[in-house]
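Accompanying notes for the structure given below.
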6 protein chains.
Amino acid sequence: MGLNEYILGLNNLEKITRAPGFFKFTEHTVAAHSFRVTSIAQVLGDIEEANDIPVDWKMLYEKALNHDYTERFIGDIKTPVKYASKELRGMLQIVEEKMTDEFINQEIPEEFQAIYRRRLFEGKDESVEGEVLAVADKVDLLYESFEEIIKNNPEPVYKEMFIESVKTIKEYGHRPSVQYFFKEIFPELLDENFYGKTAFLKTVDKIMHQ
Amino acid sequence: MGLNEYILGLNNLEKITRAPGFFKFTEHTVAAHSFRVTSIAQVLGDIEEANDIPVDWKMLYEKALNHDYTERFIGDIKTPVKYASKELRGMLQIVEEKMTDEFINQEIPEEFQAIYRRRLFEGKDESVEGEVLAVADKVDLLYESFEEIIKNNPEPVYKEMFIESVKTIKEYGHRPSVQYFFKEIFPELLDENFYGKTAFLKTVDKIMHQ
Amino acid sequence: MGLNEYILGLNNLEKITRAPGFFKFTEHTVAAHSFRVTSIAQVLGDIEEANDIPVDWKMLYEKALNHDYTERFIGDIKTPVKYASKELRGMLQIVEEKMTDEFINQEIPEEFQAIYRRRLFEGKDESVEGEVLAVADKVDLLYESFEEIIKNNPEPVYKEMFIESVKTIKEYGHRPSVQYFFKEIFPELLDENFYGKTAFLKTVDKIMHQ
Amino acid sequence: MGLNEYILGLNNLEKITRAPGFFKFTEHTVAAHSFRVTSIAQVLGDIEEANDIPVDWKMLYEKALNHDYTERFIGDIKTPVKYASKELRGMLQIVEEKMTDEFINQEIPEEFQAIYRRRLFEGKDESVEGEVLAVADKVDLLYESFEEIIKNNPEPVYKEMFIESVKTIKEYGHRPSVQYFFKEIFPELLDENFYGKTAFLKTVDKIMHQ
Amino acid sequence: MGLNEYILGLNNLEKITRAPGFFKFTEHTVAAHSFRVTSIAQVLGDIEEANDIPVDWKMLYEKALNHDYTERFIGDIKTPVKYASKELRGMLQIVEEKMTDEFINQEIPEEFQAIYRRRLFEGKDESVEGEVLAVADKVDLLYESFEEIIKNNPEPVYKEMFIESVKTIKEYGHRPSVQYFFKEIFPELLDENFYGKTAFLKTVDKIMHQ
Amino acid sequence: MGLNEYILGLNNLEKITRAPGFFKFTEHTVAAHSFRVTSIAQVLGDIEEANDIPVDWKMLYEKALNHDYTERFIGDIKTPVKYASKELRGMLQIVEEKMTDEFINQEIPEEFQAIYRRRLFEGKDESVEGEVLAVADKVDLLYESFEEIIKNNPEPVYKEMFIESVKTIKEYGHRPSVQYFFKEIFPELLDENFYGKTAFLKTVDKIMHQ
């Protein structure tokens, strides 16, 4: 029992793919996704700070880095699941949390258990850092799904993911980093050529002006 | 709505890997596993019949072919999950069943719904065919994990899977096909050379004589 | 010698890819193909039965499940081979059959040899089940090639496969399951958006009305 | 020009594999490695803090997360390169740094350039955080190479990497986190069974007591 | 020390991918690229000979076969590197050459060192064979990048590679094989349908008439 | 019709794997194999020349480079096929040759047909170059199978391939390059540590002294 097991668990995260079962031109692992989200959260944190919002960087990095560690227990099955009601998602959440609890009790040395409980349970709360994490997670999903779309991936799930991401990010429109994202970063991303672009941009535009 | 969606779902099963998150020398998809289990069930059915047990072949094939179709909804997350209590496994089972129900209601034409309800819900019951399916599923797990063991896979999960398979198959020792398996097929399989064989065979032997 | 060798052979089928040598966005193994064809044959069998055609389910499942087992001997080299005359295909067929014969003699216990001879040699005969298998095999090829087409695969071989599939299925137009397929399932499949759709649908339409 | 290009660059890091050209049972990308190193640095930071060493967490996370971002320019070619003198490694370092400089000038908005200059240039300096990063980087290499060793990877490069990692970590023996690592974590890791273990442990033991 | 090490080095070339870090629908290894370039050089050599240009076939094959062997030392990092000045490319070249020198001294038996020095250092010189190699290398890059373009790969790097290839080949317009290539082979290649073809052909046309 | 089709065919060779259906730790494509065989033939040619045997380098390179091009038609199915009699192998040979003939007639411009007929049909004849090719082909198979053996691959086929290679190479014991190979290169290769080495070396030794 000890931290060796925690480190070995990072291996699992390199082997669990995001959205398993769906065709992807580019596969992403949970490990790579965690790296990307932390890097994006860092970008957004800079923008917040440039707008005079104080950022607790320790919390921001910690939240982003660990936000999907618990997927080693049941995988990435919550996001794209069709046919799942809110109630079912809640049940999956409970299963994951109970396994996490069991893991901490069995594998983490007692003196560090409180720290891991914070890291593996808290995340997208209502603090600045929690909000930035929520946005970063969706910005990553937006890039991930956009990549599939411009490669002409016919599975409708990627357009749904993209639209859902834009909508969720918009809900955090009060954050300076979100305003900057939509003004400076998003238009650059959309400035690519791909089959079906005109129709796609119209859809995006409609969501942006809802 | 229609059977097109059911056929497209076979694609997902080709992309979901068994035991996600664990290192494997040979990856198996749910689709390939289903093919293998059905082929093994066919082998076992022949042996039952050669021992004058009447086999309802329609039911045997149907049960084996469809026994993991519902994994397209939440993946193969039940078997190797550590840190999961019986209660949590039960919850995952319920989630899967509710999604299956939703899928049948939304995607299967009404005149075929009853058939799919039977196919996707019933399986390892107490009929001869249900028992043969249960055995075939474990024989496949046994071959799958043995393959990893003789390639020197260091993850302990494969030895655990192998042992668990042998134990479960033994519980069906009243079936002629199981007696034949342990007498004629299993010894041939174990007749390979690999690192740590002596210790491994001793463990197997102990289980066989429990 | 024994059934262990037969089961191990399933491994080979998980490693042999369909249409080797051609670029594919999604690779399919012979094992997964066999699973898909059996599942599609099951769909078609239901439709036949709903139209009061008696179905020998044992034969239908058996034929579909085993129809490509012998590809473990020389791989999937018959379908997409350009530059091959009918005579050459015939020669490849003979090679495969002789190896199958050798395999049964060497590896299958005598009491089961007759069964395997039936399973590995008979297949697409003129029985209802043989016809349904022939259709299911082409329906799978149709889905497989369509998937490549809508992902914009530039290899002409996939359009050829698609067209050839439609034509072959049409030849079985007297089967109720084929009529249902073209009326209820096929239009749903074609209802996707992809580059070059208009021209493609025109070609399909022409074949359908030949 | 803008942060979009920085985020797109994360894609490259998901596609660059560590130690290209060498056979590995488990491939690691630079993105996954960065995630792992940051997680390990977090583990080590906790231990430092538990030993009353003040940790600047912002700097620790920042250093770890970004320490290999610049590998998107010339890949992971410095670590395992045989036939390279110290002078040649220095030249490669210069090439990487000049491209990084060019990248910052061309792609990062002016108001953030100073931040990226710090992130992409500073790293393993002599601060507590710089030392913890240096250790975390080697702990990851140690786990990575050990994984290959216990799977019986015959390439000698992995034993060399393992030994080099142990040696480098030992140089930081004044850090409480290193003392804890060798006392509590390392022995747990070595407690696996693998071919050639006795000889291997003897080598490790010799290095530990040098 | 001896030729065993040289042969083992071929393994590395099978594991180093071209243009690492970029998304590709079809990955190419340095080994496969070397095979392709040698085969294309053979095609071009035939055409030269048919136009009464004497070809030193030994030199042509030797140059083509070995032109990228030294990439086992630092990988394929020179071609697609953005942000690299001519000076930096020169430095990478020097690093590669020094390692090659070290390799020959350490691993090649003395009686063969002169031969390997010729093979691994000389290449695209001003001889007929050197020019044909330079053309063949670009023809392969042209096919490689064209393949990505017609599959709708959105990374701009492939269009840049294609255009750069056409331009470089054109510089060798005095070679009969280049004239034949542009007259007989290139138009056949471009005769495919793909998204954005009209705009693409216009660009190509402009380069051809510069 | 033209040489474009020949070049495109190189693509197929990058996608056809050697020994399809068998588990391999390292997959080799026909393209990479062709590169390796040509490089090994070059090594052997040097040794012949150093022993005053005149080498027709044009023929040696040509034979080696093209010796498996025709596998694009039916794949690499001849080598490891169990259950195949000499007669069946002969039939497969005929099929391949007839398709090659068809390919040349349909795709190669008339002025080059004679050259391609020589390249794609002649190969391992009794000339020095034909013998060196035969040896090089087996030396590659020997390295390929040895690599699997030292990684502990349990499939017996690799030991069979290794032994068969040694035996075939020995048949060419009159060639100076073979004598050099067994004296200088082979012992270096065998100088690795692996599970089961003692027993393995004994087998090799027995063959060497037959």
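Some observations on this one:
- Looking across the stretch B:156-199, the residues that are over 30 Å from A:Leu8 (Cβ atoms), among the hydrophobic types (A, V, I, L, M, F, W, C) and free of Cβ contacts under 8 Å to residues at least 24 places away in the same chain come down to B:Ile185, B:Phe186.
- Scanning the stretch B:7-20 for residues that are in contact (Cβ under 8 Å) with a residue 12 or more places away in the chain and more than 7 Å from chain C (Cβ to nearest Cβ) yields B:Gly9, B:Asn12, B:Leu13, B:Lys15, B:Ile16, B:Thr17, B:Arg18, B:Ala19, B:Pro20.
- Within the stretch F:180-199, restricting attention to residues that are among the aromatic types (Phe, Trp, Tyr) and within 11 Å of another protein chain (Cβ to nearest Cβ), the residue that is surrounded by the fewest Cβ atoms within 10 Å (Cβ to Cβ) is F:Phe194.
- With respect to the conditions (1) on the phi > 0 side of the Ramachandran plot; (2) among the small types (Gly, Ala, Ser); (3) crowded, with 24+ Cβ neighbours inside 10 Å, D:Ala19 falls short on a single one, namely (3).
- Among (1) farther than 23 Å from F:Glu27 by Cα; (2) surrounded by 21 or more Cβ atoms within 10 Å (Cβ to Cβ); (3) β-branched (Val, Ile, Thr), the one test that F:Val139 misses: (1)
- Pick from the stretch B:54-64, criterion in contact (Cβ under 8 Å) with a residue 40 or more places away in the chain and outside any loop (DSSP other than H, G, I, E, B), ranking: farthest from the other protein chains (Cβ to nearest Cβ): B:Lys63
- Summed over the stretch E:104-139, residues that are touching a Ser or Thr at 6+ places or on another chain (Cβ under 8 Å) and free of Cβ contacts under 8 Å to residues at least 60 places away in the same chain total 4.
- With a requirement of 3 or more residues that are at pLDDT below 95 and within 14 Å of chain B (Cβ to nearest Cβ), the helices (runs of 4 or more DSSP H) lying completely within the stretch A:73-173 that satisfy it span A:86-107.
- Test set (1) surrounded by fewer than 22 Cβ atoms within 10 Å (Cβ to Cβ); (2) within 12 Å of chain E (Cβ to nearest Cβ); (3) among the charged types (D, E, K, R) - F:Arg36 fails condition number: (1)
- Among the numbered conditions (1) among the hydroxyl-bearing types (Ser, Thr, Tyr); (2) outside any helix (DSSP H, G or I); (3) more than 9 Å from every other protein chain (Cβ to nearest Cβ), the only one that B:Ser177 does not meet is (2).
- Of all the numbered requirements in (1) in contact (Cβ under 8 Å) with a residue 12 or more places away in the chain; (2) basic (Lys, Arg); (3) outside any loop (DSSP other than H, G, I, E, B), A:Lys202 misses one, and that requirement is (1).
- Test: residue in the stretch A:67-75 that is touching a residue at least 40 places away in the same chain (Cβ under 8 Å) and more than 25 Å from D:His33 (Cα to Cα): no
- Residues being closer than 18 Å to D:Asn11 by Cα and among the charged types (D, E, K, R) - total across the stretch D:68-95: 4
- Residue that is surrounded by the fewest Cβ atoms within 10 Å (Cβ to Cβ) [pool: residues in the stretch B:39-50 that are within 23 Å of B:Phe162 (Cα to Cα) and at the interface with chain C (Cβ under 8 Å from one of its Cβ atoms)]: B:Val43
- E:Phe25 falls short on exactly one of the conditions (1) part of a helix (DSSP H, G or I); (2) more than 7 Å from every other protein chain (Cβ to nearest Cβ); (3) of a type in the set (A, V, I, L, M, F, W, C); (4) closer than 30 Å to D:Gly9 by Cα, and that condition is (1).
The values are calculated or read from the model by the stated rules, or taken from the named source; none is laboratory data. Note that the structure is a prediction, hence the values are computed from the model and not measured. When we count neighbours, we look across all protein chains shown, and the Cβ atoms used for this are built from the backbone with ideal geometry, even at glycine.
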